[in-house]
Amino acid sequence: MGQRILLCDDEVHILRATEIKLSRAGFDVVCALDGEEAWEEIERTRPDLLITDCQMPRLDGVGLVKRIRSCQATRDIPVLMLTAKGFELERDDVVTRCGVKAIMAKPFSPRELLQCAQDVLTHGEIQQKPMLQMD
Amino acid sequence: MNRIRSISMLAWLVAGMVCTWVGVWAVGWLSLTGLPTSQDMLLGVGFLITSVSAGVWMMRLRRDQQAALRYFKRLSHVEPRDLGLEDQPVNLPVLSEANAWRRVAERLQRTAAEHGQRIEQAEHARGVAEAKMQRLRKSNEQLRAILDDLQEPVIAIDAFDELVLTNASARELFCVDVDGLEQQAIESIVQCKTLVEAMLDTRRRKTSTQRSTELEIGIDDQSKWYHVSTRTIPSMAADDTHRHGAVAVLRDVSGHKAAQKRNAEFVSSVSHEMKTPLAGIRAYAELLADGDAEDDAAQEEFLRVILTQTDRLQRLVDNLLNLARIEAGVVNVSKQPCSLNEVLEEAFQVVQPTAEAKQIELTSELSPLYLGALIDRDMILQLAINLLSNAIKYTPQGGAVRFRSRMKDNEVIFEVEDTGVGLSEEDREKVFEKFYRVKKDRKMAQGTGLGLPLAKHIVEDMHAGQIEVQSTLGRGSTFQVSLPSSGQINHSSS
């Protein structure tokens with residue numbers, strides 16, 4: 001059984017595209033449509049990696065990561081964040097305070113996202129940072 | 001002449017004295033010798049002449065004195081300014097040349113006339129000064145009225161940091177009740193540390209200075225942003241050329257700031273709205289390119305997503321362009337008689353997949369009647385899609401959206417009713433403003449804040465209709481659009 005990745009995004013088609021890419025690479029992919037749903041899934045299945053969108057209804061990406069970090073059992077789950085936000089997202093703040101491994105700006109490449117996920121799960125860090133783009 | 005008169009008077013006096021002495025001597029002598037002789041008679045006559053002469057002289061003296069008294073009395077009643085320096089005033093008695101008082105009177109009259117002239121000059125000067133003062137006072141009042149009419153608060157301090165001028169706006173802004181005439185220290189009156197520091201800093205400059213800055217003045221929600229321009233002004237004291245005061249003119253730029261903020265939010269929002277469909281297009285195009293589609297059905301699904309997202313992107317761009325066109329006043333409206341229901345049905349079909357994906361019960365209750373209206377078909381389609389999309393966006397999963405149309409009098413009406421989050425009274429008034437987005441619902445759905453302003457433009461400006469919203473917070477909203485009817489009432493063919 002492959003490593004489990006939890007995908008969280010309120011845009012169904014983006015969720016589906018990412019799911020296809022990661023599933024075909026052999027990961028066990030679970031999807032959630034917002035932060036609350038993702039948190040329930042995290043509590044239930046303890047994924048090896050969380051890939052979450054930033055702006056979502058009910059509980060947004062930053063709120064979700066904060067909640068994960070505040071819980072002893074989940075604080076070590078690595079997180080990759082996707083965002084369509086522009087300048088108002090303070091990258092350093094999110095990365096340093098919440099321990100997000102990387103933020104990928106939309107539109108992103110599923111191929112690059114897969115590479116990042118593999119890096120994080122294999123080495124614990126992103127190997128090819130230049131692939132990531134920020135606004 | 002005067003000398004002759006004086007000598008004559010002296011002669012009369014000496015003669016009188018001699019005669020008196022002779023007379024006294026004669027009386028003494030008679031009392032010793034008895035009967036008067038011819039010599040005695042002569043002496044008596046001399047004595048008589050002397051006495052008469054003295055009497056006459058005394059009478060003349062008294063007459064002159066009385067004339068002089070009348071003159072002085074009359075002079076005391078004459079206004080000094082009425083006395084000319086040269087001419088003899090007609091209402092004063094004339095003293096004769098022989099009157100000993102005449103010179104005194106002339107000197108006195110001249111002095112009084114000079115005094116009168118000085119009074120007249122002083123009064124003239126006073127009149128001029130008063131007129132100038134009046135003009136200055138009026139000019140000052142005008143300036144104060146102009147300053148008070150200014151919406152921009154104005155404050156001035158002198159070289160001693162004392163408040164010397166405030167206009168009505170400044171008094172209102174800083175809640176002070178002094179207009180500057182009391183000259184109190186600005187720090188004790190104006191409770192805005194940043195402004196006071198800016199003014200004092202400018203005032204302390206040794207050379208003429210103008211500076212500007214932006215300050216937030218006020219408390220919390222009541223605060224406003226002001227562009228503050230401070231500059232040095234000459235000292236009030238005429239002999240003080242080294243020191244100067246300072247004046248601050250404040251301009252409310254809150255609206256500008258808010259517009260900047262709204263614009264930044266709008267750009268961010270538009271960017272987000274564009275990136276989301278772009279992300280879908282890119283992701284699925286890459287999946288196709290990488291051969292991640294397992295079969296034809298998957299390939300078809302990927303292509304369909306790309307097309308849907310392209311449409312979504314196009315709608316956003318259309319919205320932006322429509323708004324830009326409307327604002328630039330270059331909209332081409334091509335109205336044609338249309339079946340409103342047909343347009344509404346098309347809008348319904350467009351949003352149905354979104355409602356299904358969100359598990360929202362979307363029901364169409366369109367009128368079976370033909371609702372004819374003279375409309376720009378594309379615009380009304382856009383409007384209906386915007387209203388339906390909004391309803392779906394702000395209705396939680398499992399909620400319901402109803403789409404209705406009907407005929408009422410000479411109007412055709414359609415409405416979108418949802419069981420969504422609803423609007424507060426404040427939000428109800430503002431939802432049609434450009435870029436306005438309900439704060440608490442921003443996380444719920446993406447939006448540009450353009451849909452409803454665009455809807456209002458389309459309905460009211462382009463079609464002379466009306467758009468209204470009824471809403472209860474937490475229970476849902478109903479947006480109703482009324483358009484003038486143009487068609488006959490027939491049963492719809494569909």
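The values are calculated or read from the model by the stated rules, or taken from the named source; none is laboratory data. Computed from a predicted model, the values in this text were never measured in an experiment. No Cβ is skipped: glycine too gets one built from the backbone with ideal geometry, and neighbour counts run over all protein chains shown. Areas reflect the complete protein model, heavy atoms only, side chains present, ligands, DNA and RNA absent. Shrake-Rupley method; radii C 1.70, N 1.55, O 1.52, S 1.80 Å.
Some values worked out for this structure:
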| item | result |
| --- | --- |
| Percent RCO, i.e. relative contact order, over region B:91-189, from Cα pairs under 8 Å lying at least 6 residues apart | 15 |
| Length-normalised contact order for region B:271-331 - Cα pairs under 8 Å, 6+ apart - percent | 40 |
| Estimated dipole of region B:332-494 in Debye, rounded to 20 [Cβ of Lys and Arg +1, of Asp and Glu -1, Cα centre] | 500 |
| Point-charge dipole on Cβ atoms (K/R +1, D/E -1) for the protein assembly as shown, about Cα centre, debye to 20 | 4660 |
| Euclidean distance of C-alpha centroids, region B:386-417 and region B:121-168, integer Å | 63 |
| Fraction of accessible area attributable to carbon and sulfur, region B:40-117 (%, probe 1.4 Å) | 61 |
| Contour excess over end-to-end distance, with Cα ends at B:H115 and B:V56 and 0.36 nm allotted per residue | 17.4 nm |
| Unit charges at the beta carbon, dipole of the protein assembly as shown: most positive-side option, B:L195, B:I458, B:F160 | B:F160 |
| Average partner coverage of B:269-276, which counts Cβ from other chains inside 10 Å | 5 |
| Where region B:103-142 is the region considered: accessible area per residue in Å², 1.4 Å probe | 85 |
| Residues in region A:9-58 occluded by at least 30 Å² - accessible area, probe radius 1.4 Å, against chain by itself | A:E11, A:H13, A:I14, A:R16, A:A17, A:I20, A:K21, A:R24, A:Q55, A:P57 |
| Accessible surface buried upon A-B contact (total; probe 1.4 Å; Å², nearest 100) | 2300 |
| Residue-span extension gain [B:T363 to B:R144] - 0.36 nm each, minus C-alpha spacing | 72.3 nm |
| Angle in degrees between helix B:193-204 and the longest Cα principal axis of chain B, rounded to the nearest 10 | 50 |
| Largest-first ordering by accessible area, 1.4 Å probe, given options B:D295, B:D427 | B:D295, B:D427 |
| Electrostatic dipole magnitude of chain B [Cβ: Lys, Arg +1; Asp, Glu -1; Cα centre; debye, to 20] | 4360 |
| Inter-site label distance for B:D318 and B:D290 at 7 Å from Cα along Cβ, in nm | 3.3 |
| Between helix B:254-289 and chain B: long-axis angle, C-alpha atoms, 0 to 90°, nearest 10 | 20 |
| Within chain B, helix-based [θ] at 222 nm, where runs of 4 or more DSSP H residues each add -39,500 (n - 2.57), nearest 500 | -18000 deg cm²/dmol |
| Amide H contacts of A:Q3 (H built 1.01 Å from N, under 5 Å, at least 5 apart or other chain) | A:D28 |
| Cα gyration tensor shape of chain A, rounded if a/c is under 1.5, else prolate or oblate by comparing a/b with b/c | rounded |
| Percent carbon-and-sulfur accessible area, region B:150-252, ignoring ligands, DNA and RNA, probe 1.4 Å | 47 |
| Whole-number accessible area per residue in Å² for region A:1-77, which is evaluated in the context of all protein chains at 1.4 Å | 42 |
| Per-residue [θ]222 nm for chain A (sum of -39500 (n - 2.57) over DSSP H runs n ≥ 4, rounded to 500) | -11000 deg cm²/dmol |
| Threshold 50 Å² - residues in region B:278-302 whose accessible area is reduced by that much or more when the chain is no longer isolated, probe 1.4 Å | B:A279, B:R282, B:Y284, B:E286, B:L287, B:D292 |
| Degrees, to the nearest 10: B:340-357 long Cα axis against longest axis of chain B | 70 |
| Projected label distance in nm at A:R4 and B:L473, using a 7 Å step from Cα toward the beta-carbon | 4.1 |
| Farthest toward positive dipole pole in chain B [+1 Lys/Arg, -1 Asp/Glu at C-beta], among B:L150, B:L483, B:G449 | B:L150 |
| Sulfur and carbon atoms: percent of accessible area, region B:332-494 [1.4 Å] | 46 |
| Relative contact order of chain B, defined on C-alpha pairs under 8 angstrom at six or more residues apart (%) | 8 |
| Solvent exposure of region B:271-331 as accessible area per residue, Å², 1.4 Å probe | 52 |
